[in-house]
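Each remark here refers to the structure printed beneath this line.
The values are calculated or read from the model by the stated rules, or taken from the named source; none is laboratory data. Keep in mind the model is a prediction, meaning the values are calculated, not measured. Positions of Cβ are backbone-derived with ideal geometry, glycine not excepted, and every protein chain shown enters the neighbour counts. Note: accessible area is taken over every heavy atom of the protein model, side chains too, but ligands, DNA and RNA are not part of it. Shrake-Rupley method; radii C 1.70, N 1.55, O 1.52, S 1.80 Å.
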Amino acid sequence: MNEYVTPELLTKLCKSSSCMELSNDKVKKITRISLGDIVITGTMSSGAAGWICCWGNIAVLKEYYKGSIAPLFNNEHSLAVLDGTRERGYIGRMFKHEGKVYVMDSPQITFYPLKINQVQQLQLF
């Protein structure tokens, strides 16, 4: 799924990337947007163009997770992937944030910046 956001929101999302922290069952930041609570798992940038895009998943508190993939912390998830009993990816991955346990849910969402004229049109309303 692709979403288009203002360049300012894209920068905020990119700076909150938790790719490294997830291997330790933690995240840097959960960002609340209209789609839900988002955890960013990757970014793409260029020295010339700046942030190009970022991607992540919706995170829900474990007690509200209704997905069909059993929630597992990173270690158990990685072992199941190596055993061939689980697909790679972030859906169903558990992590802790501010004393609470969350589970990654939803298909991956990729965020792209709105073009300048699109931002200007939004500001008219």
Looking across segment 1-21 at residues that are part of a loop (DSSP other than H, G, I, E, B) and under 10 Å from the mean Cα position of the chain (by Cα), the single one that is surrounded by the fewest Cβ atoms within 10 Å (Cβ to Cβ) is 16
What's the number of the only condition in (1) within 22 Å of residue 94 (Cβ to Cβ); (2) open to solvent by less than 40 Å² (accessible area, probe 1.4 Å) that residue 24 fails to meet?
(2)
Qualifying position, being β-branched (Val, Ile, Thr) and at pLDDT 95 or above, among 58, 33, 69, 116:
58
Pairs under 8 Å by beta carbon, first residue part of a helix (DSSP H, G or I) and of a type outside the set (Gly, Ala, Ser) in segment 109-120, partner at pLDDT 65 or above and open to solvent by 70 Å² or more (accessible area, probe 1.4 Å), six or more apart or different chains?
118/4
Which residue, of 43, 85, 110, is loosely packed, with under 11 Cβ neighbours inside 10 Å and out of contact with any Leu (no Cβ under 6 Å at 6 or more places or on another chain)?
85
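Does residue 80 qualify as being touching a strand residue (DSSP E or B) at 6+ places or on another chain (Cβ under 7 Å), part of a helix (DSSP H, G or I) and modelled with pLDDT of 90 or more?
So residue 80 passes the test.
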